[in-house]
1. Would the stretch 114-133 turn up any residue that is among the acidic types (Asp, Glu) and either in contact with a Gly (Cβ under 9 Å, 6 or more places away or on another chain) or at pLDDT below 75 (or both)?
2. Could you please find all residues in the stretch 43-85 being of a type in the set (A, V, I, L, M, F, W, C) and modelled with pLDDT under 80?
3. Write out, first by first residue and then by second, each pair whose Cβ atoms fall under 7 Å of each other, whose residues are 6+ apart or on separate chains, and whose first residue, in the stretch 8-31, is assigned to a helix (DSSP H, G or I) while the second is not β-branched (Val, Ile, Thr).
4. Given the residues 22, 10, which is the only one that is among the acidic types (Asp, Glu), out of contact with any His (no Cβ under 7 Å at 6 or more places or on another chain) and surrounded by 10 or more Cβ atoms within 10 Å (Cβ to Cβ)?
5. Within the stretch 32-71, can you find the residues that are part of a helix (DSSP H, G or I) and either β-branched (Val, Ile, Thr) or touching a helix residue (DSSP H, G or I) at 6+ places or on another chain (Cβ under 8 Å) (or both)?
Amino acid sequence: MDNLAKQLREDAANIDAEISVELDSRILASLHNVTPESAKPRPRVVLSPSFWWASSLTGVAAALGVIAIINLDRPGSPPLQVQEPVAHFVVPELDLEVEAAMLTSPLAEELARLQADLRRAEAAVRDDVRIDF
């Protein structure tokens, strides 16, 4: 990935584009004609305390109404069922032969191999996509 970034930087540095005087003047005119919109303070709406109380009580009444409707439609609670004790199963002991895993190579070598595989995969993808700069 570092090579791709390096190549992109080099290619960007090699770009030599000339901007016509007309285009440059149009860009400058566009930039100078744009002015930020002035921030107009919003008029503050002051609500009376009675409005706050009315909205709070309405919310509480609505919540209590929903709870009451839900509880009215619910049938009586089912009787508690006593579960019978679960039978205990006997698990036979298994004779396992446990061996420690032996690493065939140090982890640093494995990491180097993985990085090389990633580089080869990146090159294959570049060849398939055929990005030419």
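The values are calculated or read from the model by the stated rules, or taken from the named source; none is laboratory data. Just so we're clear, the structure is a prediction, and the values are computed from it rather than from any experiment. Positions of Cβ are backbone-derived with ideal geometry, glycine not excepted, and every protein chain shown enters the neighbour counts.
1. The initial filter retains those residues of the stretch 114-133 that are among the acidic types (Asp, Glu), namely 117, 122, 127-128, 132.
Now restrict to residues that are either in contact with a Gly (Cβ under 9 Å, 6 or more places away or on another chain) or at pLDDT below 75 (or both): 132.
Yes.
2. 45, 46, 47, 72, 80, 82
3. From residues that are assigned to a helix (DSSP H, G or I), the pairs are 11/133.
4. Details: 22 fails: surrounded by 10 or more Cβ atoms within 10 Å (Cβ to Cβ).
Only one candidate passes the filter, namely 10.
5. So the first thing to find is which residues in the stretch 32-71 are part of a helix (DSSP H, G or I), and the list is 32-33, 49-71.
Listed by number, the residues that qualify are 58, 60, 66, 67, 69, 70.
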